[in-house]
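Participant: First the structure, which I've put down as structure tokens, then a few questions once you've had a look.
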């Protein structure tokens, strides 16, 4: 059952009912967290994101629990990668000033970046949240001809 839940999560794209402004604010907050506050960042993000439309509550709960277990055990990088949809592309790195950067491009081509996080996992989450915010804004924009 656990492997099925993980596989289901990897094949789904997160759908967020959270307003774009809130996603951007959450991204800013994640970037500001110290390395010893990463667990708090995951709790907040998991509490606000819907981990996928089209799946039943049990599957969504299992995916959230699996990611929370990774974060609670200190596997922050693995938890961050687990949240990023499998269809997304991402890059990340560490700058010489001990700051982390990340860039996430969702399948629909919406993207987001983080340039000043204090940990790899929070850089990846911030970039994802900004990409989700951009996706939401782009979906709500009327097409001008």
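Nothing in this text is a laboratory measurement; each read-out follows from the coordinates by a stated rule. Computed from a prediction, not measured in an experiment: that's the story for all the values here. Cβ atoms come from the backbone with ideal geometry, glycine included; neighbour counts cover every protein chain shown.
Participant: Touching a residue at least 60 places away in the same chain (Cβ under 8 Å) and part of a helix (DSSP H, G or I), is that true of residue 68?
Facilitator: No; evaluated as a whole, the condition is false for this residue.
Participant: Hey, does the stretch 88-96 have a residue that's surrounded by fewer than 18 Cβ atoms within 10 Å (Cβ to Cβ), out of contact with any strand residue (DSSP E or B) (no Cβ under 7 Å at 6 or more places or on another chain) and either touching a residue at least 60 places away in the same chain (Cβ under 8 Å) or over 27 Å from residue 140 (Cα atoms) (or both)?
Facilitator: Yes: one or more hits.
Participant: Being free of Cβ contacts under 8 Å to residues at least 40 places away in the same chain and either surrounded by fewer than 21 Cβ atoms within 10 Å (Cβ to Cβ) or in a helix (DSSP H, G or I) (or both) narrows it down to one of 128, 46, 132, so name that one.
Facilitator: Going through 128, 46, 132 in turn, just one is free of Cβ contacts under 8 Å to residues at least 40 places away in the same chain and either surrounded by fewer than 21 Cβ atoms within 10 Å (Cβ to Cβ) or in a helix (DSSP H, G or I) (or both): 46.
Participant: Right, something else. Please indicate, with yes or no, whether at least one residue in the stretch 112-121 is touching a residue at least 12 places away in the same chain (Cβ under 8 Å), in a helix (DSSP H, G or I) and touching a helix residue (DSSP H, G or I) at 6+ places or on another chain (Cβ under 6 Å).
Facilitator: yes
Participant: Tally up the residues in the stretch 33-43 that are touching a residue at least 12 places away in the same chain (Cβ under 8 Å) and exposed (fewer than 14 other Cβ atoms within 10 Å of the Cβ), please.
Facilitator: 2
Participant: Here's something else I'd like to know. Please indicate, with yes or no, whether at least one residue in the stretch 99-109 is closer than 23 Å to residue 134 by Cβ, surrounded by 18 or more Cβ atoms within 10 Å (Cβ to Cβ) and over 13 Å from the mean Cα position of the chain (by Cα).
Facilitator: Checked the stretch 99-109: at least one residue is closer than 23 Å to residue 134 by Cβ, surrounded by 18 or more Cβ atoms within 10 Å (Cβ to Cβ) and over 13 Å from the mean Cα position of the chain (by Cα).
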